[in-house]
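To keep things clear, I will list the structure first and then write my remarks on it.
Coordinate-derived values only; no laboratory data. Keep in mind that this is a model prediction, so the values were computed, not measured. For neighbour counting, all protein chains shown are included, and Cβ atoms are generated from backbone atoms with ideal geometry for every residue, glycine included.
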Amino acid sequence: MREIDITRGIIENHVEELMQSLKSDVVIVGAGPSGLVAGGFLAEMGINVTILEKKLAPGGGIWGGGMGYKYVIIQDEAKSVLDDYEIPSKPFENNLHAVDALALASGLIFGAAKRGAKIFNLVVVEDLLVREGRVNGVVINNTFAMMNHFPVDPITMEAKAVVDATGHDHDIVRTFSNKNDVSLNTPNGKPLGERSMFAEPAEDAVVTNTTEVYPGLYVCGMSTAAVYGGYRMGPIFGGMLLSGRKLADMLVEVCGNR
Ligand code: 48F
């Protein structure tokens, strides 16, 4: 066994996957629950999908459960997504189910990867590629360079559709709206901002507002609340799973038609 062979095995395989992602059908920014579900279902339907996550561990806001108590709740309507990903849950009451947050995070990550989504961690999306009034890719950099404010220039990936699945921050839509004189598909053309906690309407709105916010740019999960003025919902996750599934169904059509 030679150390140099181990190194080559890592570099060759990473670069091979990266090359396949340079032109994706769909790039999803953020590997939280909504992005992982969308990516997994898209990959299962034969779409070339890349998920980019700036942190070391994908999983987003799942890991901490509710204030560090390690269970999260999902409602009946979203149970079929858990079943598809073979993630166990316990019936609780009033059509609710309790899910171990660690099982949910790891199950969604593995579920997306095994369906063929290419997930890259330690990659920050810092900007978008925009051409002729349409988003057609992402501008990416290395997390360590960004954390240290090193003056390292980014590189790019092209995609037919880019998804902001960055959660409360709505990092991609916010940056895009701040940097460009563009009108988003919202009532005032700008992100409306998230509202305080009110779980039931929040859960419905996350799914309703999973949509195209600008040609080629989509929102799912919690970023829909920040973009469309939805309430927050706390540690109930069914809306995130259903938002990811809705987005996958929307994008499979889009990718087929483009
Ligand atoms: O926040 P997050 O889990 O997104 P989500 O799918 O789920 C929201 C819930 O976790 C929770 C909630 C539920 O009921 O309210 O908050 O909407 O995951 C977002 C991921 O995006 C990454 C971030 O590190 C996190 O893992 N992210 C954010 N900005 C960027 C990014 C960026 N610019 N580039 C790459 N990754």
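Some notes on this structure:
- Computed helical MRE - 222 nm, the chain, DSSP H runs ≥ 4 contributing -39500 (n - 2.57), nearest 500: -12000 deg cm²/dmol
- In order through the stretch 77-89: 3J(HN,Hα) via Karplus (6.51 cos²θ - 1.76 cosθ + 1.60), integer Hz, x for Gly, Pro: 4, 9, 4, 5, 5, 4, 4, 4, 8, 6, 9, x, 8
- Relative intensity, log₁₀ I(q)/I(0), of the stretch 98-252 from a Debye sum that treats every alpha carbon as a point, q = 0.14, 0.15, 0.16 Å⁻¹: -0.76, -0.87, -0.99
- At least 18 Å along the helix axis (C-alpha) and Kyte average at least 0.5, DSSP helices within the chain: 101-115, 238-257
- Separation in nanometres of the label points that stand 7 Å from Cα toward Cβ, at residue 22 and residue 149: 3.3 nm
- The mean of 1/r over all distinct Cα pairs in the stretch 200-249, once inverted, gives the Kirkwood hydrodynamic radius of 10.5 Å.
- Among 178-191, 74-87, sorting by the average number of other beta carbon atoms lying within 10 angstrom of each residue, highest first, gives 74-87, 178-191.
- With the simple spin-label model, which puts each label point 7 Å out from Cα in the Cβ direction, the residue 190 to residue 80 separation comes to 4.0 nm.
- Extension gain for the segment residue 182 to residue 3, taken as residue separation times 0.36 nm less the Cα-Cα distance, is 59.3 nm to one decimal.
- Enclosed volume per residue, in Å³, of the convex hull spanned by Cα atoms of the stretch 1-109: 143 Å³
- With contacts taken as Cα pairs under 8 Å and at least 6 residues apart, the stretch 4-106 reaches a relative contact order of 22 percent.
- What the Kirkwood sum gives for the stretch 47-97 is a hydrodynamic radius of 13.1 Å, with every pair of different alpha carbons counted.
- Charge dipole (debye, nearest 20) of the stretch 17-75; +1 at Cβ of Lys and Arg, -1 at Cβ of Asp and Glu: 240 debye
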